[in-house]
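Contents: one structure, followed by commentary.
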Amino acid sequence: MSEQLLERPAERVVERVTLAKALNAGLRRAMEADDKVLVMGEDVGKLGGVFRITDGLQKDFGEDRVIDSPLAESGIVGTAVGLALRGYRPVVEIQFDGFVYPAYDQIVCQVAKMRYRSGGNLTMPMVIRIPYGGGIGAVEHHSESPEAQFAHTPGLKVVTCSNPVDGYWMIQQAIASDDPVIFLEPKRQYHADKVDLDTSATPDPLFASRVVRSGSDATLVTYGPQVKVALAAAEAAAAEGRSLEVIDLRTLSPLDLGPVYDSVRRTGRAVVTHEAHVNLGMGAEIAARISEECFYSLEAPVLRVGGYDTPYPASRIEEEFLPDLDRVLDAVDRSFDH
Amino acid sequence: MSQQLTGPDLAGEGPDPRTTTASSDGSTSGSTQAFEEVFGPTRDNEPELVQLLTPEGERQHHPLFDQDFSADMLRGFYRDMVLVRRLDTEATALQRHGELGLWAQLLGQEAAQIGAGRALRAQDHVFPTYREHGVAWCKGVDPLRLLAIFRGVDQGAWDPEAHHFGLYTIVIGAQTLHAVGYGMGMQRDGVVGTGDPDRDAAVIAHFGDGASSQGDVNEAFIFAASYNAPVVFFCQNNQWAISEPIERQSRIPLYQRANGFGFPGVRVDGNDVLATYAVTQAALQRAREGQGPTFVEAYTYRMGAHTTTDDPTRYRLNDDVERWKLRDPIKRLEVYLRRNGLVDDAWLAEVGEEANELGRTLREGCKSMPDPKPDAMFAHVYAEETEELRAQREGFAAYHASFEGGAA
Ligand SMILES: Cc1ncc(C[n+]2csc(CCOP(=O)(O)OP(=O)(O)O)c2C)c(N)n1
């Protein structure tokens, strides 16, 4: 872990920022703190990335540190492996979730295993940023949720931010980590909300989940783009007199389920929601573990709400695919039917 | 003596010694000739290779790559090749005795590897595939560390930075990208093109003819060319990718591919240690000076099986093997050394004894290698171990202890 990268400035600056702006500011801070931090990817330079997350970085840090790469995902990740071996901290941008697969071999076979294979002689301090998830009306390959594929791979750590404040801190913490981090950014949140960001605050640790709304009747476990949906569902449920606790996992590998167990032991009910396909998804793992840990507290089986087990559909019907407030509340109702 | 390859423009007009087609015996049909003009030489009609020592042990001269070799260097090459061949035969025998699960043989590829390996300076960094035992030897990696991988003791637990020799890589071609990235790091570290020979560094990536078909290798070419990375792509074209012949990978001689990516390619006689040394050295020097990548195709032959589990009699002609035996890299250097009075029987016997000694060390070292402790599987997954994994490791330890302690 690089301590230098985690140092916080003393002066308090508060800005209202979007997730996109917060990530940009976080990247900028990391690049200022350590000149070994490099940004690489397609269009990350002059254009600032297709989502503008790296906007202005090349202008300020130069082409040697913000590297517009050839259009070759395996090449981007594979050369980043070499740079990491040379002592750099590459932050790689995959343009869209559906384009990470050409790099899948490098990520799963090389990035994830380098330390293990070398008997601890090598480290892989690399961040692979992936804008993920749907809801932006895109064409195919632009709305996928591949988190389980990476969370299933030992050697990788997988995190996802759901709001600007987390985005700002988590990207810096991921860069500071000596382990490779798959950093999932909910793309439909990029420009959605502005919140106050205090750059002198003390952030939560990177690999920790967090209760984002307290409640006593049931627990909603979620992450990334679904946090907003779950909070809206909890709001609606409250209007009908039902109190839902919402937990933002934030880290998918390792999973930090302590707060989830505590919550479920109190509420007796859990619904896990995510955009990814339900079959063998994160929800399956979380439901299994809740069953193992909280068996005697459960009033109902752990239920899952997610994308259907189809390829991501054409965007005109994506709202049907994406779990929304109603489907979440429906699952809560089913839990209470038990 | 510093040598330089000229840039990609060499591939343009005018005669290029590297692309001259060996003259056929005059009976070439029109269409064959046209084919060769467009695509270069076919396999049956091998091209003129960069060669400094013929299979008969005669010294050749080459306009671009020739150099003087001291007697010590020549003897050193010979010794390296003999010892590395012993390492190879010994490991093969150890596999037959059940001491290794598998071995990837280099028989016949000694000159390609020692030539390339000895051309490296201490600061140059190697990204190997799984067969680079000779290059590992040159970089001072203990051969027992290689055996450990094939014995299943670890997966390559030497320190890559200390030896400037990366991990063996099984996924074919993956390491070529790592090499380019590492070279890009060297550029950023200011150790390329400074003019200081002790400082300037380069990277070499090893891979096979089969691997040249992989996307990663082609992506590596593109990245290296685009960023002018200080990389030598060193392909040992040993004619076979397990059972698939080179014709299944390429319609043109591999070295010609480099032109399409915008950097020079050279085909060198991979069974000629002098030529592989000279060509690799020139390519490395070019890289160190900041002139970018080079593709070196070492034209050689895998005389052994692909690995100890392979049965080459199913796909390859015995005639070919016999033909290539006549080009044995060790034999030809021995002839040259003897003919020129550079070695005598006593010296050769000494090297033979050294090889026997190496064999003994490897046999004993291999057999006495302890198995890793079972809980070693939990080590080094992460720089910062996760709570989940710590719990699993402790659970595993407790489970084991329940057996040992349970009996008492
Ligand atoms: C991506 C990938 N596909 C398949 C294999 C299985 N495999 C191992 S070696 C090999 C042949 C490689 O041939 P070549 O690159 O010519 O190298 P050589 O072993 O002949 O030196 C194959 C197919 C592999 N290791 N990696």
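The values are calculated or read from the model by the stated rules, or taken from the named source; none is laboratory data. As the structure is a computational prediction, the values presented were derived from the model and not from experiment. Cβ sites come from the backbone with ideal geometry, for glycine too, and all protein chains shown count toward neighbours.
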Search result, residues across the range B:188-219 that are facing another protein chain (nearest Cβ under 7 Å) and surrounded by 23 or more Cβ atoms within 10 Å (Cβ to Cβ): B:Asp216, B:Glu219
Residue selected from the range B:253-275 under the condition assigned to a loop (DSSP other than H, G, I, E, B) and within 16 Å of the ligand (Cβ to nearest atom), by the criterion farthest from the other protein chains (Cβ to nearest Cβ): B:Asn271
Selection from the range A:104-149 of residues that are surrounded by fewer than 24 Cβ atoms within 10 Å (Cβ to Cβ), in a helix (DSSP H, G or I), in contact (Cβ under 8 Å) with a residue 60 or more places away in the chain and within 12 Å of chain B (Cβ to nearest Cβ): A:Arg115
Any hit, the range A:55-75, residues being of a type in the set (Lys, Arg) and either under 25 Å from A:Lys187 (Cα atoms) or in contact (Cβ under 8 Å) with a residue 60 or more places away in the chain (or both): yes
Identity of the residue in the range B:153-171, of a type in the set (A, V, I, L, M) and over 23 Å from B:Ala287 (Cβ atoms), that ends up nearest to the other protein chains (Cβ to nearest Cβ): B:Ala157
Output for the range B:64-119, where each listed residue is closer than 22 Å to B:His164 by Cα and touching a Cys at 6+ places or on another chain (Cβ under 6 Å): B:Gly117, B:Arg118
Tabulated pairs, the range B:232-244, first closer than 7 Å to B:Asp209 by Cβ and in a strand (DSSP E or B), second hydroxyl-bearing (Ser, Thr, Tyr) and within 8 Å of the ligand (Cβ to nearest atom), C-beta under 7 angstrom, 6+ apart or interchain: B:Cys235/B:Ser212
Test: A:Val77 is within 14 Å of chain B (Cβ to nearest Cβ) and surrounded by fewer than 19 Cβ atoms within 10 Å (Cβ to Cβ): no
Residue that is nearest to the other protein chains (Cβ to nearest Cβ) [pool: residues in the range B:350-404 that are of a type in the set (S, T, N, Q) and either over 24 Å from A:Leu156 (Cβ atoms) or assigned to a helix (DSSP H, G or I) (or both)]: B:Gln392
Any hit, the range B:175-187, residues being buried (at least 24 other Cβ atoms within 10 Å of the Cβ), within 16 Å of the ligand (Cβ to nearest atom) and more than 7 Å from chain A (Cβ to nearest Cβ): yes
Top-ranked residue in the range A:218-275 [being touching an Asp or Glu at 6+ places or on another chain (Cβ under 6 Å) and part of a strand (DSSP E or B); ranked as farthest from A:Ser177 (Cα to Cα)]: A:Thr219
Output for the range B:109-129, where each listed residue is within 15 Å of the ligand (Cβ to nearest atom) and assigned to a loop (DSSP other than H, G, I, E, B): B:Gln109, B:Pro128, B:Thr129
Every residue from the range A:74-95 that is under 20 Å from A:Leu23 (Cβ atoms), in a helix (DSSP H, G or I) and away from the ligand (no atom under 16 Å from the Cβ): A:Ile76, A:Ala80
Those residues of the range B:192-216 which are within 18 Å of A:Val81 (Cα to Cα), assigned to a strand (DSSP E or B) and within 16 Å of the ligand (Cβ to nearest atom), in sequence order: B:Ile204, B:Ala205, B:His206, B:Phe207
Answer residue from the range A:18-51, given it is under 21 Å from the mean Cα position of the chain (by Cα) and part of a loop (DSSP other than H, G, I, E, B) and is farthest from A:Leu71 (Cα to Cα) among those: A:Thr18
Selected residue (criterion: farthest from the chain's Cα centre (by Cα)) from residues of the range B:292-326 that are surrounded by 21 or more Cβ atoms within 10 Å (Cβ to Cβ) and away from the ligand (no atom under 16 Å from the Cβ): B:Gly292
Residue in the range B:173-182 that is assigned to a strand (DSSP E or B), within 24 Å of B:Ala112 (Cβ to Cβ) and at pLDDT 95 or above present: no
Filter result (within 16 Å of the ligand (Cβ to nearest atom) and in contact with a Lys or Arg (Cβ under 8 Å, 6 or more places away or on another chain)) within the range B:162-174: B:Leu167
One residue from A:Asp60, A:Asp97, A:Asp64 being farther than 28 Å from B:Gln214 by Cα and either at pLDDT below 95 or out of contact with any Cys (no Cβ under 6 Å at 6 or more places or on another chain) (or both): A:Asp60
Within the range B:332-349, tally of residues that are in a loop (DSSP other than H, G, I, E, B) and in contact (Cβ under 8 Å) with a residue 12 or more places away in the chain: 2
Only listed residue being within 16 Å of the ligand (Cβ to nearest atom), modelled with pLDDT under 95 and either outside any loop (DSSP other than H, G, I, E, B) or closer than 26 Å to B:Val50 by Cβ (or both), chosen from B:Glu247, B:Glu219: B:Glu247
Which numbered condition A:Gly98 fails, given (1) more than 7 Å from chain B (Cβ to nearest Cβ); (2) surrounded by fewer than 21 Cβ atoms within 10 Å (Cβ to Cβ); (3) part of a loop (DSSP other than H, G, I, E, B); (4) of a type outside the set (A, V, I, L, M): (3)
